[in-house]
Structure formats: C-alpha cells, structure tokens
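As structure tokens, the structure follows; a few thoughts come after it.
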Amino acid sequence: MKILIRNMTSPISLKMSLFLSIGLALFTFMGCKEQTTRQAEPAVPMAPADKMEWWREARFGMFIHWGLYAIPAGEHNGKRTDRLGEWIMNTLNIPIKEYEQYASKFNPTRFNAEEWVTLAKNTGMKYLVITAKHHDGFALWDSKVTEYDIMDATPFQRDILAELAEACEKNGIKLCFYYSIMDWRHPDAQGAWEPYYQQGRHDGKVNEAFPNYFKSYLKPQVTELISNYGDIGVLWFDGEWVPDYTTEMGKELYAEITGKRPGLIVNNRVDKGRQGMQGMNKEGDFVGDFGTPEQEVPGTGIQGVDWESCMTMNDTWGYKHFDHNWKSADDLVRNLVDVASKGGNYLLNVGPTAAGEIPAESKDRLKAIGKWMQVNGEAIYGSTASPFEKPVWGRYTQKENKVYAHIFDWPENGELPVDATPGEFKTAYMLADGPGNPLDLETFDSGSIVKLPATAPGDVVPVLVLEKR
Ligand code: JFZ
C-alpha cells in the first residue's frame, strides 16, 4: 500500500523522500526519548498532559487544499502541469504579477462551510486541516499584515476560515490550519539566486531578508491564526525545507505558539531538524508533536510516537480538472484501517474547485467511507496499534479489552486464524452483528481460530471483535 503522494514530482521530492526515509528510521528509534525530553524541557511551558488526547481519539481527519490554484485547476494559458495542482505557479514558472491575477477572479460563490463540515462529520472525520496559506502565499482569511488575502484581493470578500470556524464549532469538528513557511510571493522570502516560484535554485545560499519575513509576516500571520478562529486544534506547517528557514526559527516558533496556546498541537514540519534528521544528533533536539511520515511503518506501529499519514484521493492535493486517477473507496477504507492498525492518524485530502465545491468523485468516496465508519467506527476511534504482527488476511487494531480483526480477505473455509496467547479471548463476534451473536472460538497453543459466518458480509472490510477475559 502506498501511504501519501504517489507521484510527488516537485523538484524537491527526491531529496525529500531520502531525508524522510532516514528521518523516519531515526524518528522511530528516538521515539521514547523524545517524549521524556520534551516534558523536561523548561523553555517550553508544560502542555496539558492530555494535549494529544482528542487527536489520538479522532484517528481520522479531512485535509483541504484550497486556494487560487483551484482556478487554473492544473492548466495555465493552455499549458497543463503533469505535477501537483497547487504547485502550478512553480511548475509552470508563472511570474508573481501574472499569478496574482487569479486573486481578482477568486469568487467561490458555491462555498458553503456547513456543507464541507457536515460532509467531514458524516464521513466519520473528527478534524479538518485547511490550507490557510499554501506555497503561493495567498491567505484564505482576513489577514491584517497583507493585502494578498481573501478580503482585500478578491471579489469574494468572505473570511473562509471564520465561516469554517463557526461551522466546525457547531458540529463538534476540530478546525486546524496548514501554513506554508515557504512563500513564493513575499519579496523577502525569495530564494537567494532566483524566486522560489521559479525553480527556486539556491545552492544552499540564504536570503538575508528572510528573517524579516519570518518576524514581520510569518509570525504575525500565525498569531492571527491561533488568536482569531476559536479553539483550533493543530497547526500543520510545511515548506520548511527552504535553506533560509533555520532550526532556531522552528524552535522559536514552536515555543511561541505553545507558550500562547499550550493545548495546540504542532506537526513536526515546524522544525527544520526534521528535514535534516541526520542533524538530529542531540537528544531532544527536535520540536513538534507528531510525525508526518509518507511511507509504510512496521506492522505493530511506532511505539511512543504520534504520527499522521496524509493522502490524496487522486494524484494531486489542489484541484486539477483533468486528474481522474481516483483511488477506489474500498482502497481508502483499507488505507484508513492500515494506518490505524499501525497507531497513526489518517488525513484524507479533498481539493475543492474554484466555485467552492468538493468534487463529486471525492464526495462519493467520502460517503462510502462514512457508511463503513458508521458500523465499524468503534474499531478506529481511540484505537491503538495492532498487538500482533500483520496477519495475512487483514489488520488488527485494539482498544481497552478488545482486539479488532479487520478482515480484508474473507477465508474461503470460514475459519479465521487469529494470534492470541492461549485463552486470551473469551468471545468473538462481528462488530456489525453485536455481542448478542457470538461466534465459535477455538483456542490452541499457537493462537485461536474463529468460525466466521459462511458468507462474507457485503461490507468492504468486515470487523471481528475479540474480547479479552
Ligand atoms: C507538501 C506540499 O509541497 C504539497 O503541495 C502538499 O501541500 C503536501 C501535503 O505537502 O509536499 C510535501 C512535503 C514534504 C514531503 C513530501 C511532499 N516529504 O517530506 O517527503
């Protein structure tokens, strides 16, 4: 199974995935230490002990990539990008002045915050992460530090984040913000040799004006995001790989954010140290509350580390009108289960159109996932990584005194071998049928066998509950 972007084709992608492979290994290795050290770190005020609780309980969220790039939708002046839709400014070398024109055309009159939020809710998602500002630098909210935002630069003039905040509050969904550190438009945030919206060549040389952008633009914007939109859940940073951004800036930013809002969760991309995980040589020389891996992790998860896998439904984050390479709803359910079985969260992306609509293909898939979650959500919410190695027939999750067997491949003879210490489980039943319908459970030295109903239920991934004594 592929976690995350299958065709990450940005110029930095190769380097990034290399960093990440090494990074994830180190991350895994350092997991436990990292937590104890963070708690002992006096520079950062103590976060509430249960800061991660809602996030671990949630397990499933919606990623929304939305911005000016929804207008070209992958095609500018008759040229199509074969890469990510939200990278079009960079990929097609669109000059700043020319790209800015899209702002005057951004008028998503069909945007309805309540609709998006209830869609997420009905899918069984518990939080929503929206691109408040992506690499192109355009702000979806009423930002006081720039005119390049939804209020000043577009005919729409509605604060998208404010409307989402209200709908989220009403529906019990946690609102979270993605914020790109890299900014292709701000004059002080350009590459040392040439603007980042072009190929972004820098040869490791830094832009001396960048600290000014960091101090007088990035930080004030982040302050707006954490101050004006209620009880937001996560700040999801990205674009930290530009050489101008330093590990000191990341630490400073993390300390400031958590100082003001100790309960706020911040992803690890706030820290440069993550990108150069090789440089993460000192114990605890790393900030951020959860990892953002992009690849398979061990069958029994990464102990002691919180992480979240984000994923597209097709091959782009931002809307592209000609990308029809959709994953099936069944695959998406299996991905969600796979991630949960390894102890992670699943952040599934939608890329709304310039009109403000989530594509029908995405909605159909979300509805199918929601149907599965309605019956089987218990095996996902608040679950932790599988206690056993990955079985051939599917995945496990666990919670309290229950182990959940997620059956990808229904056994032909109806007999499902499950790992267990002898006598570990007292009953087995299908989650869809309830404990009133127990199944035969035979225990051997090496495990147990459950006699499943002869015919597989129609559900894409039927879930078997194994209750411990
Ligand atoms: C970044 C963005 O560039 C992209 O547009 C999208 O928003 C995605 C969610 O995040 O892409 C990345 C960032 C990091 C890696 C790969 C893609 N990485 O570490 O391998």
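The values are calculated or read from the model by the stated rules, or taken from the named source; none is laboratory data. If you're wondering where the values come from, they're calculated on a predicted model, not measured in any experiment. Ideal geometry is used to build each Cβ from the backbone, glycine not excepted, and the neighbour counts take in all protein chains shown. Protein only, heavy atoms only, side chains kept; ligands, DNA and RNA dropped before computing areas. Shrake-Rupley method; radii C 1.70, N 1.55, O 1.52, S 1.80 Å.
Data overview
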item	result
Pair Asn401, Thr118: separation of 7 Å Cα→Cβ label points (nm)	4.0 nm
Nearby lysines by direct alpha-carbon distance to Lys402 (threshold 24 angstrom, same-chain neighbours under 8 apart not counted)	Lys126, Lys342, Lys371, Lys390, Lys426, Lys451, Lys468
Surface share of carbon and sulfur [accessible, 1.4 angstrom probe, percent] for the range 33-379	48 percent
Rounded to the nearest 20 debye, dipole of the range 374-453 from Cβ charges on Lys, Arg, Asp, Glu	280 debye
Loop-exposed GluC sites (Glu not before Pro) per DSSP, neighbour cap 14 Cβ within 10 angstrom, longest uninterrupted part of the chain	1-146
Surface/4 of the Cα convex hull for the chain, nm²	22.0 nm²
Candidate lysines for bridging to Lys219, where Cα separation is under 25 Å - those fewer than 8 sequence places away on the same chain excluded	Lys51, Lys97, Lys133, Lys144, Lys174, Lys205, Lys251, Lys260, Lys272
DSSP bridge pairs, the chain: antiparallel proportion in percent, nearest 5	50 percent
Amide N proximity, the range 176-196 versus Lys205 label position 7 Å along Cα-to-Cβ, cut-off under 17 Å	188-196
Gain upon complete extension [Lys451, Asn171; 0.36 nm per residue less C-alpha separation]	96.7 nm
Simple label model, 7 Å out from Cα along Cβ direction - Lys390 to Arg261, nm	3.6 nm
Stretch gain in nm, segment Lys426-Thr443, where the contour uses 0.36 nm per residue and the Cα spacing is subtracted	5.1 nm
Packing-based ranking, highest mean first, of 339-349, 101-111 given that Cβ atoms within 10 Å are counted	339-349, 101-111
Angle between the chain longest axis and helix 13-40 axis [Cα atoms, degrees, rounded to 10]	70 degrees
Vicinal HN-Hα couplings computed from phi for the range 429-438 (Karplus, 6.51 cos²θ - 1.76 cosθ + 1.60; Hz; Gly/Pro x)	7, 6, 4, 5, 9, x, x, x, 10, x
The range 398-441 shape via C-alpha gyration tensor axes, a/c threshold 1.5	rounded
Heavy-atom accessible area per residue - the chain, 1.4 Å, Å²	40 Å²
Extension gain from Phe322 to Glu57, taking 0.36 nm per residue of separation minus the Cα-Cα distance	91.8 nm
Electrostatic dipole magnitude of the chain [Cβ: Lys, Arg +1; Asp, Glu -1; Cα centre; debye, to 20]	120 debye
Degrees separating the helix 247-260 axis from the principal Cα axis of the chain, which is the longest one	70 degrees
In order through the range 411-417: 3J(HN,Hα) via Karplus (6.51 cos²θ - 1.76 cosθ + 1.60), integer Hz, x for Gly, Pro	x, 4, 8, x, 9, 9, x
Tilt relative to the chain, helix 360-376 - C-alpha long axis, 0 to 90 degrees, to 10	40 degrees
The range 58-112 versus the range 179-218: alpha-carbon centroid distance in Å	20 Å
